[in-house]
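To start, the structure under review is shown below, and the notes come after it.
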Amino acid sequence: MSYRSIAIDGPSGAGKSTLAKRLSQELGFLYVDTGAIYRTVGLAARARGIDPADPSAVAELLPALTITMGYGEDGLQHMFLDGADVTEAIRRNEVSAAASKAAAVPAVRDFLLEMQRRAAREHDVIMDGRDIGTVVLPQADLKIFLTAAPEARAERRFRELLERGQQADYDQVLAEVVERDRRDTQRETAPLRRAEDAVTADTTSLDLEGSFQLLLGLIRERLGPLEGGGR
Ligand code: DC
């Protein structure tokens, strides 16, 4: 039996992971958060005192790492680094920057490619990232390029930080969003770009529910009615 795959790419803060997670529950597909895999490499580099932007140092580190992905009873993806569950640790702010730098190293992308493709060979997947439609799953049944204006994405991130009780400065958050976009779109290897056959979904003026309904509509239109898996 062949499995179905939905690729969602786009800049950080567009709502990819929140929406992909909810859609996966609605459709009974496995949600694969590929950013979490890059974050695990970023975390590993930091933990070993290696500059994540140094291609040869990072390439040397890779063979010594055991990175695995697992799914808990809640159906949510957990990341393991050398056997330790790092699902929480990879969400720290400093890991975001390290992941973005490590993701620009070609050896890192090659190292992680097979792990991502294997998930799609073994399950129906909704996979989100930056190069899923262009590199990882060029044959995906549906490719969505999910985007929103930088100011809208910064505003969402700013509010999220405040809700978590963290201090935040909107202008700084916006500057970080713009810088991460620059790095993710301008790197030489697998830069963030829209696949030619992707459908663009712009969520600038939509709330979460509106964005969810938009994507669900696109999926049903392309893949037909799908059973809810209640994962
Ligand atoms: O989506 P995220 O913020 O968790 O991703 C972390 C970093 O990894 C981000 O800077 C972009 C990079 N990334 C990538 O280059 N390719 C992917 N498929 C997923 C993430």
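The values are calculated or read from the model by the stated rules, or taken from the named source; none is laboratory data. This is a predicted model, so every value here is computed, not measured. Positions of Cβ are generated from backbone atoms using ideal geometry, with glycine treated the same way; all protein chains shown enter the neighbour counts. Accessible surface is based on the protein model in full, side chains and every heavy atom, while ligands, DNA and RNA are left aside. Shrake-Rupley method; radii C 1.70, N 1.55, O 1.52, S 1.80 Å.
Here are a few things to note about the model shown:
- Summing Cβ point charges (Lys, Arg +1; Asp, Glu -1) relative to the Cα centre of the chain gives a dipole of roughly 200 debye.
- Charging the Cβ of each Asp and Glu at -1 and of each Lys and Arg at +1, and nothing else, the dipole of the stretch 160-226 about its Cα centre rounds to 320 debye.
- Per-residue packing, averaged as other Cβ atoms within 10 Å, sorts the ranges 215-221, 5-11 into the order 5-11, 215-221, beginning with the highest.
- Ordered from highest to lowest accessible area with the whole protein assembly present and a 1.4 Å probe, Met127, Met115 read as Met115, Met127.
- Extension gain (nm, one decimal) between Glu179 and Leu218, 0.36 nm per residue minus Cα-Cα: 11.0 nm
- Mean Cβ neighbour count within 10 Å, used as a protection proxy, ranking 87-94, 131-138, 148-155 highest first: 131-138, 148-155, 87-94
- Mean-square fluctuations from a GNM of the chain, with a 10 angstrom spring cutoff on Cα atoms, peak among Gly28, Gly72, Gly83 at Gly72.
- Solvent-accessible area per residue, Å², over the chain with all protein chains present [probe radius 1.4 Å]: 49
- DSSP bridge pairs, the chain: antiparallel proportion in percent, nearest 5: 30
- Paramagnetic reach from Leu65 in the stretch 27-43 [backbone N under 15 Å; point 7 Å along Cα→Cβ]: 34-43
- Projected label points at Leu208 and Asp74, each 7 Å from Cα along the beta carbon direction, are separated by 1.4 nanometres.
- In plain terms, if you count all Cα to Cα distances in the stretch 182-225 and split them into 5 Å steps from zero, the share in each step is 5, 18, 18, 18, 19, 14, 8, 1 percent.
- Computed with a 1.4 Å probe on the full set of protein chains, the accessible area for Tyr71 sits at about 80 Å².
- Note on Ala47 and Ala149: their simple-model spin labels are 4.1 nm apart, each label 7 Å out from Cα toward Cβ.
- Of Arg180, Arg117, Arg164, the one that fluctuates the most in a GNM where the chain has Cα springs shorter than 10 Å: Arg164
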